[in-house]
Amino acid sequence: MLSRMTARELLSGLADLVLPSSCGGCGGPGGGWCPACADATGGPLPVTLPRAGPTAAAGRYRGPLRRALLGYKERGRRDLAPALAGLLVPPVAAVLPVSPPGPVWLVPAPSRPGAARMRGGDHVARLARGLAARLGAAGLPARVAPVLALDRRARDSVGLDPAQRAANLAGAMTIRAPGPGGGPEPDAVVVLVDDVVTTGATLRTCRNILRRNEISVSAAVVLCDATGGSRDGPR
Ligand SMILES: [Zn+2]
């Protein structure tokens, strides 16, 4: 991961070790997500993806948002989770009906087990939990159903072309019991949550597996739209 960071990102990361309350986007004082970075994010953005359903992003995969996501995902800035989860609220509002019947179910796109361990937990599931809290506070009841998983057959997606990415995910993604919080009923409003979209392979695979289990995905929200050429990091 380090090789893909710019010198500025590296310096920002080092600064975070000393000053963990710096803005995740620009490294400025104040912590979380400063007003200037909020203004620069530009979302919600519709993302057009074949067979992936309505999708909206908080912003493009560049600048402060990219730095914040990399800090959160790869450099231990878990303190950014609430701010990044808050950025997903406008994309949810952009893709959902005005008054969805019943609670919205958020399904996090799964990470590889080894990657989640290295990061100190599943970073997308944590975002989804933060998003559910934000939506609830805004009057839209939401629950998280972490019903998708990747097993050990999943390879790191770095270096795979779109067809290989799709095959890698399709062979390794499984559905699991929803746990004590329950799971979506067949007619529930279900929204996929992910950090970055590049080819849409992850969102399509998630949709297909859920559909085979009689769960229909209404839409998807992602933090960063990297469909214009940049690529996402490892799952
Ligand atoms: Zn900032």
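The values are calculated or read from the model by the stated rules, or taken from the named source; none is laboratory data. Because the structure is predicted, anything quoted here is derived from the model rather than measured. Don't worry about glycine lacking a Cβ; one is built from the backbone with ideal geometry, like all the others, and counts go over all protein chains shown.
Kindly indicate whether any position in region 176-189 is in contact with a Pro (Cβ under 7 Å, 6 or more places away or on another chain) and under 21 Å from residue 224 (Cβ atoms).
No, because not a single residue in region 176-189 is in contact with a Pro (Cβ under 7 Å, 6 or more places away or on another chain) and under 21 Å from residue 224 (Cβ atoms).
Does residue 102 fit the bill of being surrounded by fewer than 20 Cβ atoms within 10 Å (Cβ to Cβ), in contact (Cβ under 8 Å) with a residue 60 or more places away in the chain and among the small types (Gly, Ala, Ser)? Please lay out each step first, then the result.
On the way: surrounded by fewer than 20 Cβ atoms within 10 Å (Cβ to Cβ): yes; in contact (Cβ under 8 Å) with a residue 60 or more places away in the chain: yes; among the small types (Gly, Ala, Ser): yes.
Against the criterion (surrounded by fewer than 20 Cβ atoms within 10 Å (Cβ to Cβ), in contact (Cβ under 8 Å) with a residue 60 or more places away in the chain and among the small types (Gly, Ala, Ser)), residue 102 qualifies.
Quick one: which residue in 68, 83 is surrounded by fewer than 23 Cβ atoms within 10 Å (Cβ to Cβ), in a helix (DSSP H, G or I) and within 16 Å of the ligand (Cβ to nearest atom)? Break it down stepwise before answering.
Details: 68 fails: surrounded by fewer than 23 Cβ atoms within 10 Å (Cβ to Cβ).
Every option except 83 fails the conditions.
Look through 132, 115 and report the one residue that is within 15 Å of the chain's Cα centre (by Cα), of a type outside the set (S, T, N, Q) and at pLDDT 95 or above. Can you show your working first?
Values: 115 fails: at pLDDT 95 or above.
Only one candidate passes the filter, namely 132.
Answer with yes or no whether residue 101 is more than 28 Å from residue 165 (Cα to Cα) and either within 15 Å of the chain's Cα centre (by Cα) or of a type outside the set (Val, Ile, Thr) (or both).
Details: more than 28 Å from residue 165 (Cα to Cα): yes; either within 15 Å of the chain's Cα centre (by Cα) or of a type outside the set (Val, Ile, Thr) (or both): yes.
In short, yes.
What is the one condition in (1) in contact (Cβ under 8 Å) with a residue 60 or more places away in the chain; (2) at positive phi that residue 179 does not satisfy?
Of the numbered conditions (1) in contact (Cβ under 8 Å) with a residue 60 or more places away in the chain; (2) at positive phi, the odd one out for residue 179 is (1).
Here's the yes/no breakdown for (1) closer than 19 Å to residue 70 by Cβ; (2) touching a helix residue (DSSP H, G or I) at 6+ places or on another chain (Cβ under 7 Å):
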position	(1), (2)
122	yes, yes
136	no, no
142	no, yes
145	no, no
175	no, yes
180	no, no
202	yes, yes
209	no, no
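Can you tell me which residue in region 21-39 is farthest from the ligand (Cβ to nearest atom), limited to those that are farther than 18 Å from residue 76 by Cβ, among the small types (Gly, Ala, Ser) and in a loop (DSSP other than H, G, I, E, B)? Write out each step before concluding.
Residues of region 21-39 farther than 18 Å from residue 76 by Cβ: 26, 28-30, 34-39.
Filter once more, so that each one left must be among the small types (Gly, Ala, Ser): 28, 30, 36, 38.
Pick out the ones that are also in a loop (DSSP other than H, G, I, E, B) and you get 28, 30.
On the way: 28: 5, 30: 8 Å.
Step by step, filter region 21-39, then rank; the result is 30.
Can you tell me how many residues in region 149-160 are within 16 Å of the chain's Cα centre (by Cα) and surrounded by fewer than 20 Cβ atoms within 10 Å (Cβ to Cβ)?
Qualifying residue count, region 149-160: 1.
Given the options 45, 49, name the one that is in a loop (DSSP other than H, G, I, E, B), more than 16 Å from the ligand (Cβ to nearest atom), out of contact with any Phe, Trp or Tyr (no Cβ under 7 Å at 6 or more places or on another chain) and of a type outside the set (S, T, N, Q).
On the way: 45 fails: in a loop (DSSP other than H, G, I, E, B).
Checking each option against the conditions leaves just 49.
Among the residues of region 1-53, which ones are of a type in the set (S, T, N, Q), crowded, with 19+ Cβ neighbours inside 10 Å and modelled with pLDDT of 85 or more?
We begin by selecting, within region 1-53, every residue of a type in the set (S, T, N, Q); these are 3, 6, 12, 21-22, 41, 48.
Now restrict to residues that are crowded, with 19+ Cβ neighbours inside 10 Å: 12, 22, 41.
If the condition is that a residue be of a type in the set (S, T, N, Q), crowded, with 19+ Cβ neighbours inside 10 Å and modelled with pLDDT of 85 or more, then 22, 41 are the ones that fit.
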